[in-house]
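Reading through the structure tokens given below for one structure.
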Amino acid sequence: MLVKEAQTYGKISLGNSKIHGTTFPICAFACVTGSKLAKVKGSVCNGCYSIKLQKLRPSVDKGYKKNLFKWQVSNTSNWIDAMVFQIKRYAADGYHRWFDSGDLQSMEMLEAIAEVARQTPKVNHWLPTKEYQIITKYLKTNTEPTNLIVRVSAPMIDGKPSKAFRNTSTVHRNSEPLGFECKGACGLCRACWAKRIKNVSYRKH
């Protein structure tokens, strides 16, 4: 497989200034739970940075929507092969984040991501999500690959993390951070990818 062919199934992104490693963004307007939370004052999705970015930059909007569309129309096996190829090629330092924009769309997508992780055992995968039902359903019959960490995000600012999941994240503004406090940019930190760290707390700006 060539790079150009792999990217016809969706494009892995490089060079995010705050997030370490490679990422895979999709359209934030298509978030299943997030699109509802975006309308709720005090939720972590109200004033979503990805939606703002898509509105301000047409090229970003086009790229995010294209990644989602390619997932929707592609054969799942081909999509997995394309993601594996790009991650092996570009995540040379061994770290990848799913959805720096957007979120899980379905159980099928989570199963595909898990398979990508299994086929890239030297890469650490981090998947933040608010799709509680998808994760719960998946864990009833599956176990996360050892190199994939799913962090279930609390829906409200200053909210508590869910007790139903091993790894979580929260957003603090007026309350004290819970667990590990994110400093705002990865730098040398890899806490979000570490399963030993139960909760990561991000400051609301």
Kindly indicate whether E144 is closer than 30 Å to R203 by Cα and surrounded by 15 or more Cβ atoms within 10 Å (Cβ to Cβ). yes
Give me the pairs: first residue in the stretch 155-170 and within 18 Å of K140 (Cβ to Cβ), second residue modelled with pLDDT of 95 or more and in a loop (DSSP other than H, G, I, E, B), beta-carbon distance under 8 Å, and six or more apart or on different chains, which are they? S162/A154; R166/K195; R166/K198; N167/K195; N167/I197; N167/K198
With respect to T136, is the statement that it is out of contact with any His (no Cβ under 8 Å at 6 or more places or on another chain), open to solvent by 20 Å² or more (accessible area, probe 1.4 Å) and over 19 Å from W193 (Cβ atoms) true? yes
Of a type in the set (S, T, N, Q), closer than 20 Å to V32 by Cβ and open to solvent by 10 Å² or more (accessible area, probe 1.4 Å): does that describe Q105? yes
Is the stretch 137-150 home to any residue that is closer than 26 Å to G63 by Cα and of a type in the set (S, T, Y)? no
Single condition W71 does not satisfy, out of (1) assigned to a loop (DSSP other than H, G, I, E, B); (2) touching a residue at least 24 places away in the same chain (Cβ under 8 Å): (1)
Does L178 qualify as being touching a Lys or Arg at 6+ places or on another chain (Cβ under 9 Å), hydrophobic (A, V, I, L, M, F, W, C) and not in a loop (DSSP other than H, G, I, E, B)? no
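The values are calculated or read from the model by the stated rules, or taken from the named source; none is laboratory data. On a predicted model such as this, the values are computed, not experimentally measured, just so you know. Cβ: placed from backbone, ideal geometry, glycine included. Neighbour counts: every protein chain shown. To get the accessible areas, we keep the full protein, side chains included, count just its heavy atoms, and leave off ligands, DNA and RNA. Shrake-Rupley method; radii C 1.70, N 1.55, O 1.52, S 1.80 Å.
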